[in-house]
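A short write-up of the structure that comes next.
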Amino acid sequence: MGMKIYNSLSRRLEDFEPLTPEQVTIYSCGPTVYDYIHIGNARTALVTDIIRRYLVYKGYNVKLVQNLTDIDDKIIKRAGELDISTEQLAHQNGEAFFEDSQRLGIQPADVHPKATEHIREMIDLIQILIDKGAAYVIDGSVYYRVNAFASYGKLSNRKPEDLLAGARVEIDERKEDPRDFDMWKAAKPGEPSWDSPWGKGRPGWHIECSAMAMKHLGETIDIHAGGEDLRFPHHENEIAQSELATGVPFARYWMHVAFLKIDGQRMGKSEKNFILLRDALDHYPTEVIRHFLISAHYRHPLDYNQESLTKSEGALRRLSNCLDALKQYDTEVGLNERTDSPLQHAVEKMKTQFTQAMDTDFNTAQALGTIFTLVGEVNKVLSSRHEVENSVFAEAYQALSETCQVLGIYNTEAQNSNGNIEAKLEPLVELLLEFRQDARNRKDWETSDKIRDRLIELNIEIKDTREGTTWKIVS
Ligand code: AMP
Ligand code: ZN
């Protein structure tokens, strides 16, 4: 069976056929870097990570591009509040985004383009649209003429009157049509701006993604992903701009991730009900959070609550106990004659069902179900002490570890990353630093130096600063 993906554009499950056989290009709308990311943002980023991991597992050559929106109203506002430059704010939060993603075991994209580094490409694209009569200039701003694109609304499936209601565009009497949106915003005093044929200004959000996606992945990309809030107007506008400019389809498959909710409400910055990913990672291991975030199919909403995370913790414990018990047999794969044991059948069944689940629009909830069914079978055999060839345990280990690695819930890179270890070591190191401070207060330099030197031997470097003593793991 081949893979099927639910395409938000056609609103049905479609056979997956990339433009070029064996190659897949993916563009995922990344964060606006004015703050740390919350676990709602993390859900969308994690789904993209799993799509990519699974396609690689299936043998595709994947190129993933995920942008960083590093200039927009929110960034300008926050930088003003903090009295720092927009560059500094975007840089800090961009770095924090990479750090948080790594802690969640998300593999970096092949390219992470930044909007401010692609102004030239955006201006070129806007110029093409002006030349084609699909855009107009008013007082240094450039607007997209929605009327010029006959299939406007095809992604969000909205009627013109709904499009108006949903557009939430700024009321601007100068526009020809309220649905028209700005691709270039004329500079306002004190705001960052770039030179353009229409005067100083900055790009609009939608043109950023059109220009960056086409620059790094070509005119037609295979998969375009993002959270469901982006379907309209963001993705609708990306389609309008890109397809009118090139005359070819912009993305073959549109994938939208349903919201992570909290108390029945969408988790969001503006709702002020969010939990930062880094705070969640300080309390739960990477694999537990990953398990929780993929425990529902990506098109279904998922509720964040304590009970679900506790369940994920329990599930992960069962899984790692089982893998620990099986690991010792790993080298015995294929050593013995194949037996015809029920466990061997269970292993084969799990491999088939895992692939079926993931082939059907990346159904991670079902895929996890197949993994835990096999864990149950293995535990039964282990506890009943039935004679089972070691090679069958080895096969079970291989099947489980391979599928868990696709989902990133076993042996992820982040499991060994300093972030997780640091969180676990913190109370212990803080205690030692307290003893060291006591020694220093007593002018017992020998003990104080000994603690510092012994920590260095353990690859923990400490630094005395005016604000106190800090520490970090060095490798
Ligand atoms: P933003 O930084 O708000 O532009 O969001 C970055 C990405 O996270 C986008 O793809 C959003 O659609 C997605 N996102 C935001 N909130 C949620 C949520 N509660 N659940 C799932 N995805 C979300
Ligand atoms: Zn985008």
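Values as computed for the structure displayed
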item: Complete set of residues in the range 240-266 that are of a type in the set (A, V, I, L, M) and within 9 Å of ligand 1 (Cβ to nearest atom); result: Val257, Ala258, Leu260, Ile262
item: Selection count, the range 223-260, where residues are assigned to a strand (DSSP E or B) and either in contact with a helix residue (DSSP H, G or I) (Cβ under 8 Å, 6 or more places away or on another chain) or of a type in the set (Asp, Glu) (or both); result: 11
item: Output for the range 46-60, where each listed residue is more than 13 Å from ligand 2 (Cβ to nearest atom), part of a helix (DSSP H, G or I) and touching a residue at least 40 places away in the same chain (Cβ under 8 Å); result: Leu46, Val47, Asp49, Ile50, Ile51, Arg52, Arg53, Tyr54, Tyr57
item: Any pair with Cβ under 7 angstrom, 6 or more apart, that starts in the range 9-22 at a residue that is touching a residue at least 12 places away in the same chain (Cβ under 8 Å) and ends at one that is of a type in the set (A, V, I, L, M, F, W, C); result: Leu9/Leu155; Leu9/Trp254; Glu14/Ile5; Phe16/Met3; Phe16/Ile5; Pro18/Val24
item: Residue within the range 235-258 that is among the hydroxyl-bearing types (Ser, Thr, Tyr) and surrounded by 21 or more Cβ atoms within 10 Å (Cβ to Cβ) present; result: yes
item: Helices (runs of 4 or more DSSP H) fully within the range 279-362 counting 2 or more residues that are within 18 Å of Ile106 (Cβ to Cβ); result: 286-293, 306-327
item: Some residue of the range 188-211 being charged (D, E, K, R), within 30 Å of Leu260 (Cβ to Cβ) and crowded, with 21+ Cβ neighbours inside 10 Å; result: yes
item: Unmet requirement for Gly190, which otherwise passes all of (1) within 14 Å of ligand 1 (Cβ to nearest atom); (2) over 16 Å from Glu121 (Cα atoms); (3) not charged (D, E, K, R); result: (1)
item: Number of positions in the range 264-289 that are under 19 Å from Ala96 (Cβ atoms) and touching a residue at least 24 places away in the same chain (Cβ under 8 Å); result: 14
item: Which numbered condition Pro108 fails, given (1) of a type outside the set (Asp, Glu); (2) buried (at least 18 other Cβ atoms within 10 Å of the Cβ); (3) within 23 Å of Thr25 (Cβ to Cβ); result: (2)
item: Qualifying residue in the range 245-265 (condition: under 19 Å from Asp361 (Cβ atoms), touching an Asp or Glu at 6+ places or on another chain (Cβ under 6 Å) and within 16 Å of ligand 2 (Cβ to nearest atom)); result: yes
item: Within the range 65-90, considering residues that are in a loop (DSSP other than H, G, I, E, B) and more than 14 Å from ligand 1 (Cβ to nearest atom), the one surrounded by the most Cβ atoms within 10 Å (Cβ to Cβ); result: Ile84
item: In the range 93-121, residue farthest from Asp35 (Cα to Cα) [restricted to those that are free of Cβ contacts under 8 Å to residues at least 24 places away in the same chain and in a helix (DSSP H, G or I)]; result: Arg120
item: Qualifying residues in the range 1-36 (those that are within 15 Å of ligand 2 (Cβ to nearest atom) and part of a loop (DSSP other than H, G, I, E, B)) - the one farthest from Gln356 (Cα to Cα); result: Val33
item: Unmet criterion (only one of (1) buried (at least 21 other Cβ atoms within 10 Å of the Cβ); (2) away from ligand 1 (no atom under 16 Å from the Cβ)) for Arg43; result: (2)
item: Test: residue in the range 212-220 that is in contact with a helix residue (DSSP H, G or I) (Cβ under 6 Å, 6 or more places away or on another chain), outside any loop (DSSP other than H, G, I, E, B) and not charged (D, E, K, R); result: no
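Yes/no per residue for (1) in contact with a Ser or Thr (Cβ under 9 Å, 6 or more places away or on another chain); (2) small (Gly, Ala, Ser):
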position	(1), (2)
Ser10	no, yes
Val24	no, no
Thr32	yes, no
Lys58	yes, no
Ile84	no, no
Gln102	yes, no
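Conditions tested, residue by residue: (1) away from ligand 1 (no atom under 14 Å from the Cβ); (2) over 29 Å from Met267 (Cα atoms).
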residue	(1), (2)
Ser210	yes, no
Met214	yes, yes
Gly218	yes, yes
Ala225	no, no
Glu238	no, no
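Only the coordinates and a few stated rules stand behind these numbers; no lab work does. This structure is a prediction, so every number in the text was calculated from the model and none was measured. Neighbour counts are summed over all protein chains in view; Cβ atoms, including those assigned to glycine, are modelled from backbone coordinates with ideal geometry.
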